[in-house]
Every structure is written in structure tokens, then in C-alpha cells.
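Student: Below is one structure. I have some questions about it.
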Amino acid sequence: MFQADWLVLTLEKYSFGVGDRFGQQARAQLRAFQTLAERGIEVVPVWNKSNREHSFVGSEPASVLAAAQAAVKESGWSKAWHVDADHIRLDTVDRYIACSDFFTIDVAESIGEPCAIEAVGSFVQRHPEWARPVHVPGITEPFASDASEVARVAGKYLLAVQEAGRIFRHIATQKGASDRFIAEVSMDETDAPQTPPELLIILAALADEGVRVQTIAPKFTGRFNKGVDYVGDVKQFEREFRDDLAVIQHAVATYDLPANLKLSVHSGSDKFSLYPVIRRALQQTGAGLHLKTAGTSWLEELIGLAEAGGEGLSLAQSIYAQALEHRAELQAPYASVIDIDAAQLPPADMVKTWSGPQFANALRHVPGDPDFNPSLRQLLHVSFKLAAKAGPKYIQLLQANEGVVARNVTENILQRHLLPLFAPAS
């Protein structure tokens with residue numbers, strides 16, 4: 001349940017972030033978690049929506065809580081659930097205080113910004129354990145380190161950690177206590193990945209700053225583009241992921257961080273090639289996970305409308321035509337997390353001739369399907385503001401075709417995400 005009034009709020013072992021751009025799919029999303037629970041697998045839904053997304057569609061943060069509450073009540077869900085103020089900063093957090101119990105504190109913009117020399121020196125002095133190689137249980141080779149290396153890493157990340165501390169304390173003041181909300185620190189939307197040794201230093205700095213972080217989202221090696229599969233070396237990711245799990249366990253024991261601290265994978269939706277790797281690591285280590293999907297439910301809405309045919313298909317085709325026309329504008333805010341090959345985008349006139357199944361097959365992410373078009377999917381992924389501009393018509397069509405839309409939303413979350421990630425290996 002939404003636990004904003006509980007004295008102590010602890011994020012459960014497995015949690016899964018779901019976005020709902022237009023506030024229409026909370027029941028269909030929750031149905032996936034209910035089906036999973038019926039199989040004896042408990043994963044907690046976390047409804048997330050960023051300030052950027054609210055601004056694009058003209059919604060208010062309270063609408064996310066309202067949609068989640070309605071779905072929980074109507075569905076009879078008695079287990080935990082949360083509402084995430086996604087990617088907030090100090091200048092945007094206040095509008096989320098009353099309607100969120102989970103806060104993704106985004107400090108990526110501060111990474112690499114100059115930090116006071118005195119602060120770096122003080123950090124190095126507080127951590128003499130880093131003056132020599134650091135042995136982390138579960139990692140074969142010790143982390144090579146000395147004072148100069150610690151100073152280098154601290155110089156890169158300390159300002160970001162200090163910013164996380166300011167935001168954390170501000171939320172705690174507004175909430176009345178630091179244990180009445182879940183804090184996630186996000187460092188994923190930056191250019192370079194954080195190495196496991198850097199992650200350990202970051203966690204030590206967060207502990208020094210008093211940030212009771214329950215989940216941390218580093219940037220991993222490889223490309224985590226919106227709504228499509230991972231691009232990179234899967235074996236390298238597996239080594240990095242397992243080392244990060246070991247680092248977190250070591251940091252909890254060494255720096256008195258929350259015992260439930262766990263990794264968060266952002267833009268984790270549709271990273272199908274990584275799901276077996278992640279599942280193996282979780283089952284072998286007993287670690288928890290928070291995985292945050294992006295706008296996949298919005299894409300399933302379009303798929304459902306296309307399959308419904310008639311006005312639904314026509315609107316989906318119209319949105320694609322507009323997306324092509326305004327491609328540069330739509331892509332700009334997401335440039336670091338999309339890779340669209342313009343040559344692979346079919347002309348609007350061609351798409352206008354497609355049947356509902358053709359449109360759905362091009363958009364639905366089914367690896368190996370010859371009709372699937374990753375570039376079309378990524379473009380539509382970042383084009384949700386065009387549906388908002390359609391006004392009441394878009395929502396009315398969703399509601400008129402609720403059956404087919406909801407089926408796609410539920411099936412996508414359950415079959416393509418939750419079961420591959422959390423079901424025991426057969």
C-alpha cells in the first residue's frame with residue numbers, strides 16, 4: 001500500500017517501476033503483478049512519472065497517486081505499492097512531496113562539476129581504508145587504490161553526492177522524518193559508466209552525507225536506449241552487475257547504509273538479452289532489484305489502438321506521421337537514450353496503408369519478428385506528447401477500446417518483463 005504515513009518505510013526486495021503516461025493503465029499494469037503473485041512471486045509495483053513527462057502531457061503529480069489508488073481499490077490489491085517522484089531535483093521536488101513515497105533523486109548533472117578542494121581532502125582523510133587495496137567479498141581481485149585515486153573519484157562525484165544530501169534532507173524536513181520515504185539516487189543519465197570501485201566510493205560518500213539511500217541507479221556499460229534491447233557486451237555487463245552487487249553488500253556492512261540497499265536498473269524495459277543475466281545473479285546471490293521501465297505502456301496503448309482498427313488505427317497512423325514531421329524536436333530531450341536510424345523509418349504514406357496487425361507488429365518488441373522496427377518504436381516512444389495534443393479524442397479511444405489495450409499492457413509487463421526477470425529458472 002501507499003505508505004506515506006507509516007513511521008518507517010522500507011522498499012521491498014523486488015520492485016518494478018511502471019510508467020503510465022496518461023493515467024489510464026494502472027489497473028492493467030497491476031493485473032500483471034497480481035498474476036505473478038498468484039504464482040507465488042512477489043514483486044512490488046512502483047508507479048513512476050518524471051517532471052519532464054508531466055510537463056509534456058500537462059498532468060499533475062497527484063494524478064499518478066490517484067490512478068494508483070483507484071487501481072489498487074478496484075483490484076483488491078492488498079500488498080505494498082509505491083508512487084515514485086521520478087528524476088526530481090531540488091527545484092522540482094516540492095510538488096511531489098504530498099503524493100509520493102518514493103523519490104528518485106537525480107544528480108547526474110552535477111557529476112564532474114568542480115568540488116571544493118577542502119571537501120575532497122576531508123573525504124580522503126575520513127577514509128584511510130582506501131589508502132591501500134580494498135578487498136570486497138565476492139570479487140576476486142582487490143580494488144587497487146591510494147589517496148590520489150580516492151581524491152580523483154571524490155573530485156568527480158562529491159558535488160553530486162552533496163546535492164543528493166541537500167535534496168534528501170529537504171524531503172525529510174517536508175515529510176517530518178528521513179524514514180518516511182524511499183530514497184533512490186540516480187546517476188545513470190550521464191556520459192560515462194561508474195565502475196564498481198567508483199560505486200563503492202560514491203556509497204561511502206552518501207553514507208557520510210547522511211543519505212539513507214535504499215536503491216542506487218548507476219550508469220552501466222553499454223547502451224540502455226528507450227524501449228529496445230541492450231546494445232553492448234552482455235558478458236561485460238554481467239561481470240559489472242555482479243561486482244556492483246558485491247560492492248553494495250560490502251558498503252552496507254562497512255558504512256552502515258540501509259540493509260535493504262539494492263541496485264536499480266533504469267531504462268531497463270525491453271533489455272531482453274540482459275534479463276537472464278540479471279535473474280541468474282539475483283537467484284545466486286539473494287540480492288534485491290529495482291528495475292524501472294520507461295514508456296512501454298504508452299506503446300502498448302498504440303498497439304492496442306492499431307489492433308482495434310477504425311479510428312484507433314487512424315489515430316496511431318496520424319501520430320506516426322506527426323512524429324516524422326517533428327522528429328528533431330521530439331528526439332532532442334532523449335538524445336542520450338535513443339539511437340534512431342532515419343533510413344529505417346517508413347514514409348508516413350506507407351504507414352497510412354498498413355493494417356492494424358501490420359502497425360502492431362512493427363511497433364511491438366518481439367525479437368526475431370521480421371516486421372519489428374526498432375527505429376519506429378524508439379521514435380514513437382518519445383512522441384507521447386503528440387497523443388496529449390490530440391486532446392480528449394485519445395483518451396476516449398483508449399476507453400472505448402479498453403479490452404484490447406489492457407490485454408496488451410498486461411501481457412507486455414507480465415510475459416516480457418516480470419516472468420523473465422523474477423520467475424525461477426526452469
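FYI, it's all coordinate maths here, none of it is from the lab. Owing to the predicted nature of the structure, the values given are computational and were not obtained by experimental measurement. Neighbour counts run over all protein chains shown; Cβ positions are idealised from the backbone, glycine included.
Student: Pairs of lysine in the stretch 14-295 with Cα under 17 Å and at least 8 positions apart or on different chains: total?
Tutor: Taking the stretch 14-295 as the scope, the lysine pair count is 12.
Student: Using unit Cβ charges (K, R positive; D, E negative) and no other charged atoms, how large, in debye to the nearest 20, is the dipole of the stretch 274-426 about its Cα centre?
Tutor: 420
Student: Label R407 and E129 with points 7 Å out from Cα along Cα→Cβ: what is the distance between them in nm?
Tutor: Between R407 and E129, the simple spin-label model gives 5.5 nm.
Student: Does the stretch 296-414 come out rounded, prolate or oblate, given a ≥ b ≥ c as the square roots of the eigenvalues of its C-alpha gyration tensor, rounded meaning a/c under 1.5 and, failing that, prolate meaning a/b above b/c?
Tutor: Here the stretch 296-414 falls in the rounded category.
Student: Could you sort the peptides 49-62, 211-224, 235-248 by per-residue average Cβ neighbour count (10 Å cutoff), highest mean leading?
Tutor: In decreasing order of mean packing, 49-62, 211-224, 235-248 become 211-224, 235-248, 49-62.
Student: While we're looking at this one, here's another question. Using the alpha carbon gyration tensor of the stretch 267-306, what are the three equivalent-ellipsoid semi-axes (square root of 5 times each eigenvalue), largest first, in whole Å?
Tutor: 28, 10, 7
Student: Simple spin-label model, 7 Å along Cα-to-Cβ: F272 to T173 in nm?
Tutor: Modelled inter-label distance: 4.9 nm.
Student: Starting from the Cα of R223, step 7 Å along the direction of its Cβ; do the same at E238; then give the gap between the two resulting points in nm.
Tutor: If labels sit at R223 and E238, their model points lie 2.3 nm apart.
Student: Suppose every Lys and Arg Cβ carries +1 and every Asp and Glu Cβ carries -1, with no other charges. What dipole size does the chain come out with about its Cα centre, to the nearest 20 debye?
Tutor: Result for the chain is approximately 680 debye, rounded to the nearest 20.
Student: Please find the FRET efficiency linking S318 to E60, where r is the Cβ-Cβ separation and R0 is fixed at 35 Å, and quote it to the nearest 0.05.
Tutor: 0.85
Student: Ok, one more. In the chain, if the dipole is taken from +1 on Lys/Arg beta carbons and -1 on Asp/Glu beta carbons about the Cα centre, which of I248, N401, L158 is farthest to the positive end?
Tutor: Going by the Cα projections, it comes out as N401.
Student: Still on this structure: For D369 and D94, calculate 0.36 nm times their separation in residues minus their Cα-Cα distance, and state this gained length in nm to one decimal.
Tutor: Extra length available between D369 and D94 comes to 94.5 nm.
Student: Between V231 and M350, 0.36 nm times their residue separation minus their Cα-Cα distance comes to what?
Tutor: Values: separation 119, 0.36 × 119 = 42.84 nm, distance 2.88 nm.
Full-extension gain reported as 40.0 nm.
Student: In terms of the Cα gyration tensor, with a ≥ b ≥ c the square roots of its eigenvalues, is the stretch 73-138 rounded because a/c is under 1.5, prolate because a/b exceeds b/c, or oblate?
Tutor: It is oblate, given that a/c is not under 1.5 and a/b is not larger than b/c.
Student: At 222 nm, what helix-only mean residue ellipticity would the chain give, in deg cm²/dmol to the nearest 500, using -39500 (n - 2.57) for each DSSP H run of four or more?
Tutor: Calculated mean residue ellipticity at 222 nm is -15000 deg cm²/dmol.
Student: By a straight-distance test (C-alpha under 19 Å), which aspartates and glutamates pair with K13 as possible cross-link partners, with residues fewer than eight away in the same chain excluded?
Tutor: Answer for K13, where 19 Å is the Cα cut-off: E38, E42, D84, D101, D179, E184, D243, D244, D256, listed by chain and number.
Student: Right, something else. What residue among A205, F102, F123 has its Cα farthest toward the positive end of the dipole of the chain, where the charges are +1 on Lys, Arg and -1 on Asp, Glu, each on the Cβ?
Tutor: Projecting each Cα onto the dipole axis, the largest value belongs to F102.
Student: Right, next: Would you work out which of T410, L315, T353 lies farthest towards the positive end of the dipole of the stretch 296-414, given +1 charges on the beta-carbon of Lys and Arg and -1 on that of Asp and Glu, about the Cα centre?
Tutor: Looking along the dipole axis, the top candidate is L315.
Student: Turning to a different aspect of this structure: Please compute the alpha carbon radius of gyration of the chain, then divide it by the globular-protein estimate 2.2 N^0.38 Å. Two decimals is fine.
Tutor: For the chain, the normalised Cα radius of gyration comes out at 0.98.
Student: If we restrict to alpha carbons, what Rg and Dmax does the stretch 104-206 come to, in Å?
Tutor: 14.6, 44
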